[in-house]
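Take a look at the structure below.
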Amino acid sequence: MNKEKDLVDKKSHTVQQLEMEVQPEETANSLPILDDSLLEKVRYLFSGTVLLAAWWLVYENLLGFSRFVTYHMLPLHEGTHLGATTEFFIYEVPKVLLLLTLIVFFVGIIRSFFTPERTRRILAGSRESIGHVLAGLLGVVTPFCSCSAVPLFMGFLTAGVPLGVTFSFLVTAPMVNEVALVLLFGLFGWKVATLYMVTGLFVALTTGVIIGRLRMERHLEDWVLELTADKPATAQLEIEEERVSWEERVRFGIDAVKDIVLKVWPYVTIGIAVGAGIHGYVPENFLAGVMGKDAWWAVPVAVLIGVPMYSNAAGIIPVVQALLSKGAAFGTVLAFMMAVIAISTPEAIILRKVLKLRLIAVFIGVVTVGIIAVGYLFNIVL
Amino acid sequence: MKVEILGVGCAKCHKLFDLVNDIVKKNGIDAEVHKVEDIKVFSQYNVFMTPALVVNGEVKVAGKVPKESEILKWLSS
């Protein structure tokens with residue numbers, strides 16, 4: 001644990017710096033007088049700007065740094081396999097971790113505005129058609145992992161959120177999130193990240209709309225139905241919301257960075273190491289025959305393998321790296337990634353406690369078909 | 001004192017359970033600590049973010065692992 005922490009400390013200076021800036025001020029601010037709080041805000045703004053500038057400086061100079069380390073500090077030569085691999089690794093790891101730190105921090109702050117309580121109030125209060133779109137967008141920024149899927153699911157239903165809209169949320173939340181998007185952006189560019197986000201939302205909303213249209217409420221477990229029937233929607237919604245100060249939001253962002261970046265960095269490092277190895281050594285188009293565009297069966301097979309598997313966005317990145325660099329078609333790989341993240345066996349087992357088998361089958365079926373369609377679409381378009 | 005930790009086997013739920021057990025032991029608090037995995041109970045408590053900490057039937061926190069000092073405050077009052 002300690003060793004792990006040390007490593008991270010070295011890698012993400014920004015996290016540590018942010019912490020040091022904020023910690024001592026937290027206690028001092030317990031009695032906010034106007035002048036003090038204003039001063040506090042200015043200090044936050046100032047240290048924020050300085051940190052951002054520092055971040056940018058480091059980010060901009062990474063390429064030079066990696067070349068310097070590889071060819072001047074290490075006895076490696078330009079144009080060799082080992083040199084290319086090392087340069088790639090030393091450049092990409094800090095780059096992706098820096099991006100991740102920055103984005104997770106800001107998304108953390110955005111998330112502090114969309115607590116689950118507020119999310120379900122927004123969803124319960126909107127019309128179903130708008131509800132789906134809102135559910136998808138909120139799914140992107142709401143804190144959520146598939147292990148808390150079921151309690152959240154119940155919370156939405158008891159608040160009067162329609163079943164279809166709940167599913168739109170349930171599919172989006174784990175699949176389209178800032179970690180997946182940053183990793184895709186860092187490793188494959190903004191086009192891939194945008195395509196992933198748009199198609200991921202599309203699959204999620206389609207699933208939600210279809211389940212809503214099929215009127216599958218009676219396929220909820222009986223006790224869930226009773227619960228949603230005898231608790232009027234309004235009784236649930238009066239949870240008091242405390243006013244959250246900016247200091248707390250910043251702290252929320254820092255916590256998110258600690259939480260997520262600490263959890264994710266080993267996967268990122270492994271993923272990039274795999275990518276770097278392939279980058280330097282493995283001939284391109286190694287997998288083109290099996291997973292290339294011409295193999296029409298590759299997409300459904302990849303998705304069917306991916307559906308029962310359980311991983312988060314970060315864990316799957318090494319595999320994505322490896323497959324892509326070896327010549328697998330982009331749509332096939334993207335579909336595989338979505339399938340792994342969106343649904344899994346453990347999630348299905350927990351969902352079984354609140355859904356009857358038929359509804360689970362429809363849920364998994366629709367998502368699977370949607371992802372396969374996305375896979376084919378990309379293989380054709382790209 | 002009756003302490004319940006609500007959660008369906010997520011990593012943070014285990015973390016909270018261990019943390020609460022540690023605090024109880026370290027401070028010699030007289031409390032029964034239980035893990036609750038039945039989702040029906042979650043709904044009764046109106047909890048929809050896990051892990052959640054319930055002390056004597058009152059939900060103290062849901063959706064995150066609170067700080068040790070906070071837990072100690074709830075357990076010693």
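The values are calculated or read from the model by the stated rules, or taken from the named source; none is laboratory data. Quantities reported herein were computed from a predicted structural model and do not represent experimental measurements. Note that each Cβ is placed from the backbone with ideal geometry, even for glycine, and that neighbours are counted across all protein chains shown. These area figures cover heavy atoms from the full protein model, side chains too; ligands, DNA and RNA do not enter into them. Shrake-Rupley method; radii C 1.70, N 1.55, O 1.52, S 1.80 Å.
Just one of the listed residues (A:Pro174, A:Pro151) is under 23 Å from A:Glu226 (Cβ atoms) and either within 14 Å of chain B (Cβ to nearest Cβ) or in contact with a strand residue (DSSP E or B) (Cβ under 8 Å, 6 or more places away or on another chain) (or both), and it is A:Pro151. Annotation: of all residues in the stretch A:342-359 being out of contact with any Asp or Glu (no Cβ under 8 Å at 6 or more places or on another chain) and not in a helix (DSSP H, G or I), the one that is surrounded by the fewest Cβ atoms within 10 Å (Cβ to Cβ) is A:Arg352.
Reported count of residues in the stretch B:1-57, each being in contact (Cβ under 8 Å) with a residue 24 or more places away in the chain, within 8 Å of another protein chain (Cβ to nearest Cβ) and loosely packed, with under 14 Cβ neighbours inside 10 Å, is 1. Counted as qualifying within the stretch A:232-311 are the helices (runs of 4 or more DSSP H) with 1 or more residues that are farther than 26 Å from A:Glu178 by Cα and at pLDDT 85 or above, namely A:298-306. The residues listed here are A:Val140, A:Val165, A:Val150; of these, the one that is assigned by TED's automatic domain parsing to the domain that holds A:Val367 and either modelled with pLDDT of 85 or more or among the hydroxyl-bearing types (Ser, Thr, Tyr) (or both) is A:Val165.
Report, by residue number, each residue of the stretch A:265-281 that is hydrophobic (A, V, I, L, M, F, W, C) and either open to solvent by 10 Å² or more (accessible area, probe 1.4 Å) or farther than 18 Å from A:Tyr91 by Cα (or both). Passing the criteria: A:Trp265, A:Ile270, A:Ala273, A:Val274, A:Ile278. The residues of the stretch B:58-77 that are in a loop (DSSP other than H, G, I, E, B), at the interface with another protein chain (Cβ under 10 Å from one of its Cβ atoms) and open to solvent by less than 90 Å² (accessible area, probe 1.4 Å), listed by number, are B:Gly63, B:Val65. With respect to A:Phe89, determine if the residue is away from chain B (no Cβ under 14 Å), in contact (Cβ under 8 Å) with a residue 40 or more places away in the chain and farther than 30 Å from A:Leu382 by Cα. When the stated conditions are applied, A:Phe89 does not pass them. Scanning the stretch A:115-144 for residues being within 20 Å of B:Val61 (Cβ to Cβ) and surrounded by fewer than 17 Cβ atoms within 10 Å (Cβ to Cβ) gives a total of 1.
Only one of (1) within 14 Å of chain B (Cβ to nearest Cβ); (2) in contact with a helix residue (DSSP H, G or I) (Cβ under 6 Å, 6 or more places away or on another chain); (3) at pLDDT 80 or above is not met by A:Gly315, so which one is it? Unmet for A:Gly315, out of (1) within 14 Å of chain B (Cβ to nearest Cβ); (2) in contact with a helix residue (DSSP H, G or I) (Cβ under 6 Å, 6 or more places away or on another chain); (3) at pLDDT 80 or above: (3).
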